[in-house]
Every structure is written in structure tokens, then in C-alpha cells.
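The values are calculated or read from the model by the stated rules, or taken from the named source; none is laboratory data. All figures in this text were calculated on a predicted structure; none of them were measured in a lab. Positions of Cβ are backbone-derived with ideal geometry, glycine not excepted, and every protein chain shown enters the neighbour counts. Surface areas here come from the heavy atoms of the whole protein model, side chains and all, with no ligands, DNA or RNA. Shrake-Rupley method; radii C 1.70, N 1.55, O 1.52, S 1.80 Å.
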Amino acid sequence: ASMFARDGYTRASIDAISAEAGVSTRTVYNHFRDKRALFQAVIQESARRAAEAQIAVIDRYLSKVTDLEADLVAFCRAFAGPETSACAPHRGLVRQVSAEAGHIPREALT
């Protein structure tokens with residue numbers, strides 16, 4: 001996810017991705033038929049992690065509201081803070097997808 005988030009779909013190569021992951025290019029191709037399939041898996045996993053982090057904060061802070069203002073302030077601080085740090089790589093990935101949408105194969109975004 002970090003390579004796609006940092007370099008974008010177009011500039012990220014399977015060679016660079018495998019080197020960063022510390023595996024051979026062949027290993028990557030054994031798991032994913034091509035860069036598009038890898039990109040789809042990365043987006044799905046990234047979105048899953050981000051959603052889990054956000055849902056955990058929502059459950060923790062909004063499941064039992066007793067003091068509306070105090071509870072909402074605590075929720076907002078948590079939601080924007082380190083408790084949702086798993087969302088940061090996903091936000092970077094989303095920014096790259098938005099910037100490169102015209103250059104990413106449509107099938108990779110579905």
C-alpha cells in the first residue's frame with residue numbers, strides 16, 4: 001500500500017514493490033496475476049483496515065453518549081487522532097487514485 005500511496009499506480013512497478021516487500025518479483029506474480037490485481041487487493045485491504053479503525057472509534061465513543069458535547073469532543077479528537085492512524089496510508093492511496101484516475105485501468109478500480 002505504501003508504494004502505491006507514495007508513487008501512485010502508474011509509477012509503482014512490480015520490481016520496486018517486490019524489492020520494498022523483500023520478496024522476489026516471481027513471488028508477487030505467484031500471488032497476483034498482474035499489477036492491476038495487486039492494486040485491487042491493496043485497495044480492498046487498505047479500505048478494510050481503515051474501516052475497522054473508524055468503526056472501533058465510533059463504537060468506543062458513540063455507543064453510550066451521556067454528555068453530548070463532551071462525548072462528541074472526545075469522539076472527534078479520537079477520530080482525528082492516533083486511534084485512526086491505520087487510515088493514514090489509505091488516505092494517501094485515495095489521494096493517488098483521485099490524482100491518477102484517468103491513468104489507472106478501470107478494472108483495477110472495481
Val28 vs. criteria closer than 26 Å to Ile104 by Cβ and modelled with pLDDT of 95 or more | yes
Taking first residues from segment 76-90 that are within 14 Å of Ile55 (Cβ to Cβ) and second residues anywhere that are part of a helix (DSSP H, G or I) and among the polar types (S, T, N, Q), the pairs with Cβ under 8 Å that are 6 or more apart or on different chains are Ala78/Thr84; Phe79/Gln54; Thr84/Gln54; Cys87/Gln54; His90/Ser46
Matching residues in segment 1-22 (over 16 Å from Ser46 (Cβ atoms) and open to solvent by 60 Å² or more (accessible area, probe 1.4 Å)) number 5
Counted residues in segment 23-41 being open to solvent by 80 Å² or more (accessible area, probe 1.4 Å) and among the aromatic types (Phe, Trp, Tyr) come to 1
Does Gln44 satisfy being of a type outside the set (Phe, Trp, Tyr), open to solvent by 70 Å² or more (accessible area, probe 1.4 Å), at pLDDT 90 or above and assigned to a helix (DSSP H, G or I)? yes
Selection over segment 47-62 where residues are open to solvent by 90 Å² or more (accessible area, probe 1.4 Å) and β-branched (Val, Ile, Thr) yields a count of 1
Counting only residues in segment 83-110 that are open to solvent by 40 Å² or more (accessible area, probe 1.4 Å) and among the polar types (S, T, N, Q), the one nearest to the chain's Cα centre (by Cα) is identified as Ser85
Within segment 63-79, of all residues that are small (Gly, Ala, Ser) and surrounded by 11 or more Cβ atoms within 10 Å (Cβ to Cβ), the one nearest to Phe4 (Cα to Cα) is Ala78
Note on segment 51-110: residues polar (S, T, N, Q) and either touching a Phe, Trp or Tyr at 6+ places or on another chain (Cβ under 6 Å) or part of a loop (DSSP other than H, G, I, E, B) (or both) are Ser63, Thr66, Ser85, Thr110
